[in-house]
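Please read the structure below before turning to the comments.
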Amino acid sequence: MTLTVSLLDYGAGNVRSVRNAITSCGYSIIDITSPSQIDQADVIIFPGVGSYESAMTVLQTTGYDNALRAYLAADRPYLGICLGMQTLFESSTEYKDDQSSELPGLGVIPGHVIKFDETKRSVPHIGWNGTIAHQSSPAMKYIKDHNGDEVYFVHSYYAPITDANSKWVLTRTTYEGQEYISSVQKGNVCATQFHPEKSGKTGLNFLKGFLESVEDGTLSNTTPIAVNPIDHTELVKRVVVALDVRSNDNGDLVVTKGDQYDVREKDDDAVTGRGGVRNLGKPVSLAARYYDEGADEIAFLNITSFRQGVIEDMPMLQVLEEASKSIFVPLTVGGGIRSYTDPESGKVYSALEVASRYFRAGADKISIGSDAVYAAEDYYASGGKKTGETSLETISHRYGVQAVVVSIDPKRVYVASPECVDKKHTVVSLDESQAGPNGERYCWYQCTVKGGREAKDICAVSLAKASEALGAGEIMLNCIDMDGQCNGFDHALMTAVSTAVTIPVIASSGAGKESHFSDVFKATKVQAALAAGMFHRKEVEIGNVKKHMEASGIRARIV
């Protein structure tokens with residue numbers, strides 16, 4: 001293959017996965033480092049990740065914006081991804097938290113990018129959704145009937161379909177009643193709101209079709225398709241696999257699993273009664289297995305935070321770099337996302353710098369735990385004022401709220417009645433099976449830090465609300481009481497939090513069989529559910545979980 005892809009990497013988000021997806025299709029890459037290279041390109045791929053303001057600021061300060069406008073006006077081959085599509089429009093309201101102001105874009109496509117209505121749906125739109133074709137395109141030649149399987153979206157802002165831009169629409173998608181443009185094409189200019197590099201085999205097929213069509217000169221051979229306006233797509237519920245990663249006693253990096261957060265085997269012969277770290281396999285090989293089996297997302301949870309060498313010597317960096325070479329679904333990493341002082345040099349690294357290194361290594365989202373609790377405590381102590389300096393605020397401003405997950409680790413505090421609890425805590429009622437040791441039918445969920453070892457005076461609902469206000473785009477909701485018990489998710493906790501915030505919630509802790517996923521999706525508003533041990537031990541297969549969901553009337557992505 002002689003075609004070389006010119007990649008416009010402006011320094012935000014996970015571009016490593018895009019590189020790996022392009023090379024997996026058999027093409028070489030050259031990085032654009034100056035505006036003059038844009039005119040020389042055979043084809044440009046612009047994987048815009050993060051916030052619209054950050055993207056446009058970089059394009060303008062580097063001089064790429066005018067060079068891109070000239071390139072696009074000449075109908076040269078182009079593929080924009082996510083922000084790489086949104087910046088083609090006239091403007092966006094994703095600007096300094098002020099929805100009344102608009103930031104100009106490249107102005108190639110008529111229309112304005114606006115935010116999803118948070119009063120009608122969870123925002124961001126995160127997960128796997130379908131597409132409805134408005135045109136046939138050579139870029140879609142490996143996708144059956146030009147209406148493919150589900151692809152992966154992660155965004156808070158969208159481009160509405162209008163009369164002025166309707167001829168640009170390649171596909172449209174529905175998110176809880178809102179139709180929007182999910183891809184565009186006119187001539188040789190193509191762009192997607194979804195992430196092909198994170199959409200499994202369907203996404204790779206799209207990239208392959210696009211690049212082959214550029215190479216053989218057929219990309220612009222599109223044809224309009226008659227569309228039925230009543231057709232719509234549906235966001236499917238996600239099945240997430242978590243890999244708790246830590247060093248064992250020999251210094252090897254292993255996947256383990258806790259029982260109420262204790263990851264050591266029971267050993268009656270040991271002085272402490274605790275044996276070695278439970279070893280369930282190697283992180284990269286296990287993650288590859290779950291990708292092949294149909295996991296919708298994979299989360300690497302760094303449960304010991306590898307306390308030294310966070311920036312350049314962190315074992316998780318190598319795990320992410322290796323995993324992203326062959327795994328083309330979203331990767332989340334958690335643990336150690338905080339400010340850090342290098343023990344040798346004394347240099348201080350911010351949480352934003354640590355997160356940036358994770359993103360460059362292949363992470364799509366980062367998960368913040370203890371640091372979010374401290375930020376929430378300060379937020380409430382100040383009367384709800386934001387400083388702009390917390391890890392949540394700085395990372396979400398640079399990379400977008402969709403890149404920030406807050407992991408909440410609460411445990412039940414049983415009480416005889418709601419009146420026994422400080423009014424700042426949300427009290428939930430429990431069914432008989434969840435009653436406390438003295439028959440208590442109420443509890444509040446106390447948040448913890450340091451891997452569950454230290455309790456804080458803040459409840460899970462309050463932490464979730466503060467996290468959303470400070471810039472989190474998703475909540476990973478654990479429960480120490482249910483962890484490793486295989487009795488199902490804590491529905492009372494999931495309901496309390498998912499009804500209190502507008503961002504998506506991932507249910508975690510307690511899954512032990514297929515029906516537990518279907519049960520939590522039917523009983524609560526969570527958009528995803530996570531499990532670990534039952535998959536690691538091969539007690540339950542991902543495919544069987546999804547078959548049970550479909551049989552229960554819950555949409556799943558079947559591979």
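The values are calculated or read from the model by the stated rules, or taken from the named source; none is laboratory data. For clarity, every value in this text was computed on a predicted model and none was experimentally measured. All Cβ positions, even for glycine, are placed from backbone atoms using ideal geometry, and neighbour counts span all protein chains on display. For accessibility, only protein heavy atoms count, side chains too; no ligands or nucleic acids. Shrake-Rupley method; radii C 1.70, N 1.55, O 1.52, S 1.80 Å.
To the nearest 10 Å², what's TRP168's accessible area with a 1.4 Å probe?
20
So how much accessible area does GLU389 have, in Å² to the nearest 10, using a 1.4 Å probe?
Taking all protein chains as shown, GLU389 has close to 150 Å².
Give, in nm to one decimal, the length gained when the segment between SER136 and HIS112 is fully stretched (0.36 nm per residue of separation minus the Cα-Cα distance).
Between SER136 and HIS112, full extension yields an extra 6.2 nm.
On average, how much accessible surface per residue is there in region 390-434, in Å², for a 1.4 Å probe, leaving out ligands, DNA and RNA?
Per residue, region 390-434 has 45 Å² of solvent-accessible surface.
Computed on alpha carbon atoms, what radius of gyration and Dmax characterise region 320-469, expressed in Å?
18.1, 56
When ligands, DNA and RNA are left out and all protein chains stay put, how many square angstrom of accessible area per residue does region 467-559 have with a 1.4 Å probe?
32
Within the chain, what whole-number % of the accessible surface is contributed by carbon and sulfur, with the 1.4 Å probe and all protein chains included in the calculation?
That share works out to 46 percent.
Just to verify a number: what accessible area does ARG557 come out at with the full protein assembly present, 1.4 Å probe, Å² rounded to tens?
Ignoring ligands and nucleic acids, ARG557 comes out at about 20 Å².
With Cα extents along the principal axes in Å defined as stated, name the option among (i) 59, 52, 52; (ii) 73, 55, 48; (iii) 140, 73, 39 computed from the structure displayed.
Here the calculated entry is (ii).
DSSP loop trypsin sites (Lys or Arg not before Pro) in region 69-164 with at most 11 other Cβ atoms within 10 Å of their Cβ, which ones?
LYS96
For q values of 0.22, 0.24 Å⁻¹, compute log₁₀ I(q)/I(0) with the Debye formula on a Cα-only model of region 429-537, without solvent.
-1.35, -1.49
Across 5 Å bins from 0, what is the distribution of all Cα-Cα pair distances for region 1-65, in whole percents?
In order of increasing distance, the bins hold 3, 18, 28, 24, 17, 8, 2, 0 percent.
Per residue, how much accessible surface does region 96-197 expose to a 1.4 Å probe? Answer in Å², no decimals.
That works out to 36 Å² per residue.
Near ARG69, within a Cβ-to-Cβ distance under 14 Å, what is the net charge of the other residues, with Lys and Arg +1 and Asp and Glu -1?
Every neighbour counted, the sum reads -3.
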